[in-house]
Amino acid sequence: MRNIKLKIQYDGTDYHGWQIQKNDITVQETVKKAVQKIVNEDVNLTGCGRTDTGVHAENYVCNFFTNSRIPSEKLPYALNTYLPNDIVCFEAED
């Protein structure tokens, strides 16, 4: 099983912080859904910390474990096709 680190940046204006919440859209939920589409399996996306509603990030780090064989250098391109314009993955590594 691989442990993939993602570096992302986002404009948090339309999100209720990083961590998944029951009734609000969050960055973690949005990125997790995109990752799951790419690797075709359920993942647990863990962030480096929490942010509040409306907070932006320039270099946020998160990770997930996967059995996917997609090369890590291709993941940002794949993820960015599924992410909205206000969230960008700019780096991934094992």
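The values are calculated or read from the model by the stated rules, or taken from the named source; none is laboratory data. Since the structure is predicted, the reported quantities are computational estimates derived from the model, not experimental observations. Cβ atoms come from the backbone with ideal geometry, glycine included; neighbour counts cover every protein chain shown. Ligands, DNA and RNA are excluded from the accessible area calculation, which covers all protein heavy atoms including side chains. Shrake-Rupley method; radii C 1.70, N 1.55, O 1.52, S 1.80 Å.
Data for the structure
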read-out	value
Residue list for region 31-71, restricted to those being in contact with a helix residue (DSSP H, G or I) (Cβ under 7 Å, 6 or more places away or on another chain) and not hydrophobic (A, V, I, L, M, F, W, C)	Lys37, Asp42, Gly47, Thr51, Gly54, His56, Thr66, Ser68
Tally of residues being basic (Lys, Arg) and more than 11 Å from the chain's Cα centre (by Cα) across region 1-23	2
Criterion violated by Ala57 - all others in (1) of a type in the set (A, V, I, L, M); (2) over 11 Å from the mean Cα position of the chain (by Cα); (3) within 20 Å of Gly17 (Cβ to Cβ); (4) open to solvent by 30 Å² or more (accessible area, probe 1.4 Å) satisfied	(4)
Cβ pairs under 6 Å, 6+ apart, first in region 55-75 and of a type in the set (Asp, Glu), second surrounded by 11 or more Cβ atoms within 10 Å (Cβ to Cβ)	Glu58/Gln9
Per-region count, region 21-46, residues on the phi < 0 side of the Ramachandran plot and open to solvent by 80 Å² or more (accessible area, probe 1.4 Å)	7
Every residue from region 75-94 that is of a type in the set (Phe, Trp, Tyr) and closer than 14 Å to Gln36 by Cα	Tyr82
